[in-house]
Each structure stands twice: as structure tokens, then as C-alpha cells.
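Reviewing the structure listed below.
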Amino acid sequence: MGVRAGMLMLSMVLVAFGLAACGGAEDEPAEGEAEPPATDSSDDGRDEADGEAAEDDEQSSDRADDADPDPERDEDAADERDEGSDGEEAAAGNELPDPAEVEANELGHVPVLMYHGIVEEPADEWQMTPEAFREELEFLHEHGYHPIRTVDLVRGEIDIPAGRSPVVLTFDDTLPTQFDRTDDGEVDPESAVGIMLDFGEEHPEFPAVGSFYVTDKRFDDPEQGQEMFAELHELGFEVGNHTIGHQNLGTVDSEEVQRQLALGAEQIREVVPGGDVATMSLPLGVWPEERELARTGAHDGIEYEHEGILLVGSDPAPSPFAEDFDPLGIPRILAQRGADGPDASFMSEHWLEWLEEEPGRKYVSDGDPETISFPEDDAERLDPEHADRANPYEP
């Protein structure tokens, strides 16, 4: 990776000392650096993770946020989400297996993967080819993952089949390679959404589910782009806030912070009636000076309130039931496969393999959304707030 790799490694070292940077442009994200891995969920280092540096970003594409779909979302989309569950549990007469049988561990880690451009010729580590994206989906499917949305993670509403593990696929920047249509109006099969839909059709137990974080870039379609937010919602995806103009919130005053986030939420609500914009992704991974304004605020009578905030971080997220889970500081992993050199240890291929290396590292569902099952030796990791749902067992 030459000079770019050197810059990436230098940035990773700086991030470890709490410096922030992140970013990425549209389909050709600016050169940037990923934050080094940390197995804890501390704010600084991960919050201010970096990535797509602003140097080559003169066209700086606005990053998009995804809004949490309406609670009364399309029944078809909801059915698709649970299709795998029905199939796997029907054989047992709808009776859930003993947690020990599936080695349930609902205090394990959850990978939250961060994607940007899906392009044939990646300019840097922030882009991935369609082939590599399919390869990553195949790995996730083969290793028992089941996609959920960021808002599901934040709310602890993880309703997936017993023995499977949640994964969150997130997409920043509202890029046309993430979601586009062909001349005949069909979803572009080479876009991220097209690839996910095709993969989900081939593997019903791995539904096309994820979270898109949008800005006013609107998939480079000023006329229809906003309506595409509604299409994502109807397909079952979450559409969340990434500010209206992909603004570095650390460089503007509190009034502008609130304007950016309020208008970012409003553009989603305008086309997703009743849509709850519940989560947001920090542009450039940078917090505003007054951090509370990333969570809630108002501008010109338009209010916003986020239940979850995504960082750019570099390691898997804690379980939403673990004591160290912070919904307002959720780390993500840069999605990349086939990377070599020292940078590879900060990307999804490395972390997904790390989660497989030892039992107990990743979240494994017991199949019952009302209980939290885990080996009894891990009891101290449980957040006391969830003690009434605890189901510890002897392995």
C-alpha cells in the first residue's frame, strides 16, 4: 500500500492517543486511516476513529444516515427477517433447544461492520469490490450470522434463531454504489442493496437487512434520491442520521451541530411517515464539543433524539446486555477482505476470524428474545438492569 499504508499506520497510532479523524468520500473516498483495534469499548480512540481523511475530499461526499424503520413496517419485510428462524425451529416442533446444546452466549461480542463504496476498482481500503462484498456475506452466512439493524442492537431486540449470531451491516455516505437503479427501474444488481437482495433470496436464513446512514447526497440522485430512503425502509432496512451535509461536528458551534442533525433527521421523516430516526453515525468519527448534542437537540422547531450513536472504531461491539455496552458509543469494524501487511489486523477479515478462534467470544442466540442465556461463569458481565431476564446455565 506504499505511502498510503504508512499514513494509515501513523493515523492508527495517533487515534490510540485519542485523536480523531474519519471520513471517506463518495465512491472515491479520501485517503484515510482506520482506528487500531481495541477490545474494550472506551469512547476516545474509538469514537474519534478515523478513516477517510479530508485531504482528497474536496468533493467530500455527504455521508448518509439511516433512519430506523417505522415500528409498523412492511409485514413482508418482517416475515423475511424471521424466515430462517421458522425453518430452523420447525423441525423441533417450535420447541427451543436447551441453551447448552447450541452453546448460547448472549453476552458475547457483536460485529458491526462499516461499508462505504462498493466498486470494481477500489481506490483505497475504504472501498470494496462487489466480489469481495459477496465473499464477506458468504463468510458470515457460513459461520452462522444473521443480519440485524443498528436499532435492534441498541434496543436489545435480537430475535434470531437459536445457535445463530447477530451481525450489523452499516453503510455510510449515501453512495450510488450502495443503492442505485438500472435504466429499467430495477435495483442495480451490482449495488450493495442488489447484492444483499440476491444473496438473501438464495439464502433465506440470511435476510437482506442492514442500516444506511444518509446525508443530502441522496445516492447522487437529486430528483429521486430522497424517495430512495423510503424504498430502503420498505425493503426492511434502517435509514439513520449522518447529518444533512456530512459535517465534521467538531469544527462548528452548537447551533450548527443541531441544524445539521435536525435537518438530517427531517429529510428522512419527510418520506418515511412515522419513521423513527433512532440512530446516527458520526461524520468523520468526530464528536461535537458538547457531546450531548449528538444525542438530542433541536433547530427551528425540528427536534431529534438518537438512541444509538455509531463510531468508526476498530473492534467488535459488546452485547447490548453486557455491562460495558454503551449505546451512545458503538464501535464498528472497517469492512475489508484480502488486505495484507499490518493494516489487515484492523479490518473485518481479521476480526471475524478472531471471533471464531475461541468459544465464548461471539454472541450466540438461545432463540428466545425474552431471555438472556449465557454460561454461568460469565454472570459478572451481565448488566444488572437485565438481571430479571438472565438465564445462566452450566456448560
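The values are calculated or read from the model by the stated rules, or taken from the named source; none is laboratory data. None of the values given here were measured: they were computed from a predicted structure. Cβ sites come from the backbone with ideal geometry, for glycine too, and all protein chains shown count toward neighbours.
Structure above, values below:
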read-out	value
Selection within the stretch 370-389 - surrounded by 14 or more Cβ atoms within 10 Å (Cβ to Cβ) and over 12 Å from A322 (Cβ atoms)	T371, S373, P375, R389
Filter pass, L232 being of a type in the set (A, V, I, L, M, F, W, C) and surrounded by fewer than 23 Cβ atoms within 10 Å (Cβ to Cβ)	no
Any pair with Cβ under 9 angstrom, 6 or more apart, that starts in the stretch 203-214 at a residue that is surrounded by fewer than 22 Cβ atoms within 10 Å (Cβ to Cβ) and ends at one that is basic (K, R)	E205/R164
Every pair of residues 6+ apart whose Cβ atoms lie under 7 Å, when the first sits in the stretch 232-247 and is under 15 Å from R269 (Cβ atoms) while the second is in a helix (DSSP H, G or I) and β-branched (V, I, T)	E238/T150; E238/V151; V239/I268; G240/T150
In the stretch 111-132, the residues that are under 15 Å from the mean Cα position of the chain (by Cα) and hydrophobic (A, V, I, L, M, F, W, C)	V112, L113, M114, W126
The stretch 180-196 residues that are closer than 14 Å to E120 by Cβ, paired with ones that are at pLDDT 95 or above and basic (K, R) (beta carbon under 7 Å, 6 or more apart)	I195/R134
Qualifying positions in the stretch 340-395 - part of a strand (DSSP E or B) and touching a helix residue (DSSP H, G or I) at 6+ places or on another chain (Cβ under 7 Å)	K362, I372, P392, Y393
Residue, farthest from V277 (Cα to Cα), within the stretch 152-180, restricted to residues that are β-branched (V, I, T) and part of a strand (DSSP E or B)	V167
Hey, P320 closer than 24 Å to R269 by Cβ and assigned to a loop (DSSP other than H, G, I, E, B) or not	no
Inter-residue pairs, beta-carbon under 6 Å, first closer than 14 Å to Y115 by Cβ and buried (at least 19 other Cβ atoms within 10 Å of the Cβ) and in the stretch 332-351, second among the aromatic types (F, W, Y) and modelled with pLDDT of 80 or more, 6+ apart	I333/W351; A335/Y115
Residue check, D326 surrounded by fewer than 22 Cβ atoms within 10 Å (Cβ to Cβ), within 24 Å of L175 (Cα to Cα) and within 18 Å of the chain's Cα centre (by Cα)	no
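Per-residue answers, yes or no, for (1) touching a helix residue (DSSP H, G or I) at 6+ places or on another chain (Cβ under 6 Å); (2) acidic (D, E); (3) without any contact (Cβ under 8 Å) to a residue 12 or more places away in the chain:
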residue: T279; (1), (2), (3): yes, no, no
residue: L282; (1), (2), (3): no, no, no
residue: G285; (1), (2), (3): no, no, no
residue: E290; (1), (2), (3): yes, yes, no
residue: R295; (1), (2), (3): no, no, no
residue: E303; (1), (2), (3): no, yes, no
residue: V312; (1), (2), (3): yes, no, no
